[in-house]
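K.L.:
Sharing a structure, written as structure tokens. Questions coming.
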Amino acid sequence: MPHARPLSPHLSVYEWRITMVLSILHRVTGAFLCLGLVLVAWGLMALAAGEPAWSTFAGFCGSWIGMVLLVCWTFSLFVHLCNGIRHLFWDAGSGFEKSQYFTSAWVVVIASIALTVVVWLWAGMTGGTA
């Protein structure tokens with residue numbers, strides 16, 4: 001016989017806030033960074049294997065899907081960096097007032113987007129060379 005028990009709170013019960021989104025984004029981008037290491041490993045193996053393998057790798061990275069993956073990987077890197085800096089401030093005991101808490105979350109998002117744009121503009125202006 002089924003019991004009429006109350007359901008646990010679900011995502012539909014909670015009001016979405018930037019801090020919830022940032023927490024989920026941090027986990028998703030962490031997984032994406034791990035998957036991006038496969039691309040790095042492929043690039044290193046292609047570099048060691050010679051010109052034909054490198055051409056295949058460079059062709060993939062220059063394709064639309066390769067560019068999307070690289071931009072997403074760059075954004076993931078900056079989300080993790082900025083969110084890590086935010087957590088360092090928390091570890092030092094600052095940023096826990098309500099206004100600072102939400103402001104710092106938006107700073108992470110805006111800084112991550114801005115840094116990603118700056119890196120890709122720089123890469124576009126220099127042709128991808130240092």
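K.L.:
Divide by every residue of the chain the summed helix terms, -39500 (n - 2.57) for each DSSP H run of at least 4, and state the resulting mean residue ellipticity at 222 nm, rounded to the nearest 500 deg cm²/dmol.
P.N.:
Dividing the helical sum by the residues of the chain leaves -27500 deg cm²/dmol.
K.L.:
Given charges of +1 on the Cβ of Lys and Arg and -1 on the Cβ of Asp and Glu, with all other atoms neutral, how large is the dipole of the chain about its Cα centre, in debye to the nearest 20?
P.N.:
Working: 5 positive and 4 negative charges, 70 e Å.
It works out to roughly 340 debye.
K.L.:
Would you please give the FRET efficiency between ILE85 and LEU39, computed as 1/(1 + (r/R0)^6) with r the Cβ-Cβ distance and R0 = 25 Å, to the nearest 0.05?
P.N.:
0.50
K.L.:
(1) 37, 22, 13; (2) 23, 17, 14; (3) 31, 13, 12: which one is semi-axes √(5λ) of the Cα gyration tensor in Å as calculated from this entry?
P.N.:
(1)
K.L.:
A follow-up question, please. Just want the ordering: TRP64, TRP42, TRP106, from fewest to most Cβ atoms lying within 10 Å of their own Cβ.
P.N.:
Placing the least packed residue first, the sequence is TRP64, TRP106, TRP42.
Taken together, the values in this text are just the output of simple stated rules run on the coordinates, not laboratory data. Remember, predicted model here, so these are calculated numbers, not experimental data. Note that each Cβ is placed from the backbone with ideal geometry, even for glycine, and that neighbours are counted across all protein chains shown.
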